[in-house]
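S.K.: Below is a structure I'd like to ask you about.
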Amino acid sequence: LITSLKDMIHKGDIDNARAFCRNLNTPESIMIEQGVARVGQPVQEIREALNKSGANEIAKLEKNLNVLNIIGRIAPMFGFVGTIIGVIKIFYSIAQTADISIGTISAGLYEKMISSATGLIVGVLAFMGYNFIFMLIDSYSAKLEKQIFEFVKGIQKPVK
């Protein structure tokens, strides 16, 4: 991306460079297009535009990530609620039959264990997914930073 754009920009073909970025339609190209649009302005302004655009693209990637975070935090609580309901059923069965045999308590105990396990499994999977995706976005963010550096370096005319 940067190599192709650098050649177009040094030839003065800014419109073609912008169209090239728009046609790629990736977070990188969307960000770099903001820099291409400002070629000829001070480097600091170009860098600021790139940073703002990069931050917007990262925000788009992180947009729904909080859903996984919330699921990871709430799922174990729902499992705990199911555990409490299972225990209530155990005591209700004992109260109704005046019997403490395994047959009387097994249905509530089964519900209690399934609820706890399900809540924990869903919570752990959501937590792992959240952190994995966050790690990918963080890595991509570093890649965008490198692209900003390469773009700004590439559009500057060499000093003779």
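S.K.: Which count do you get for residues in region 121-140 that are farther than 18 Å from Phe78 by Cα and open to solvent by less than 70 Å² (accessible area, probe 1.4 Å)?
M.R.: Residues flagged as farther than 18 Å from Phe78 by Cα and open to solvent by less than 70 Å² (accessible area, probe 1.4 Å) within region 121-140 amount to 6.
S.K.: Additional query: List the helices (runs of 4 or more DSSP H) that sit entirely inside region 27-132 and contain at least 2 residues that are in contact with a Ser or Thr (Cβ under 7 Å, 6 or more places away or on another chain).
M.R.: Counting at least 2 such residues, we get 27-36, 65-97.
S.K.: Out of all the residues in region 99-111, is one or more surrounded by 12 or more Cβ atoms within 10 Å (Cβ to Cβ), within 30 Å of Gly129 (Cβ to Cβ), modelled with pLDDT of 90 or more and not β-branched (Val, Ile, Thr)?
M.R.: Yes, region 99-111 contains a residue that is surrounded by 12 or more Cβ atoms within 10 Å (Cβ to Cβ), within 30 Å of Gly129 (Cβ to Cβ), modelled with pLDDT of 90 or more and not β-branched (Val, Ile, Thr).
S.K.: Is there any pair with a first residue in region 36-61 that is closer than 13 Å to Glu145 by Cα and open to solvent by 40 Å² or more (accessible area, probe 1.4 Å) and a second that is among the small types (Gly, Ala, Ser) and not in a helix (DSSP H, G or I) whose Cβ atoms are under 8 Å apart and which are 6 or more apart or on different chains, and what are they?
M.R.: none
S.K.: Still on this model: Regarding Lys153, is this residue under 18 Å from Glu28 (Cα atoms) and open to solvent by 70 Å² or more (accessible area, probe 1.4 Å)? Spell out the reasoning first.
M.R.: Working: under 18 Å from Glu28 (Cα atoms): yes; open to solvent by 70 Å² or more (accessible area, probe 1.4 Å): yes.
Yes.
S.K.: Right, here's the next one. Consider region 1-26. How many of its residues are part of a loop (DSSP other than H, G, I, E, B) and modelled with pLDDT under 90? Write out each step before concluding.
M.R.: First pass over region 1-26, keeping only residues part of a loop (DSSP other than H, G, I, E, B): 1, 11-13, 25-26.
From the residues that got through so far, the ones that are modelled with pLDDT under 90 too are 1, 11-13, 25.
Number of matching residues: 5.
S.K.: Determine whether region 22-30 contains at least one residue that is crowded, with 17+ Cβ neighbours inside 10 Å, aliphatic (A, V, I, L, M) and in contact (Cβ under 8 Å) with a residue 24 or more places away in the chain.
M.R.: Yes, there is a match, as at least one residue in region 22-30 is crowded, with 17+ Cβ neighbours inside 10 Å, aliphatic (A, V, I, L, M) and in contact (Cβ under 8 Å) with a residue 24 or more places away in the chain.
S.K.: Can you say whether Ile9 is touching a strand residue (DSSP E or B) at 6+ places or on another chain (Cβ under 9 Å) and surrounded by 14 or more Cβ atoms within 10 Å (Cβ to Cβ), as far as the supplied structure shows?
M.R.: Working: touching a strand residue (DSSP E or B) at 6+ places or on another chain (Cβ under 9 Å): yes; surrounded by 14 or more Cβ atoms within 10 Å (Cβ to Cβ): yes.
The answer is yes for Ile9.
The values are calculated or read from the model by the stated rules, or taken from the named source; none is laboratory data. Remember, it's a predicted structure, so these values are computed and weren't measured experimentally. Counting neighbours? That spans all protein chains shown, and the Cβs are built from the backbone with ideal geometry, glycine included. The accessibility values were calculated without ligands, DNA or RNA, using every heavy atom of the protein model including side chains. Shrake-Rupley method; radii C 1.70, N 1.55, O 1.52, S 1.80 Å.
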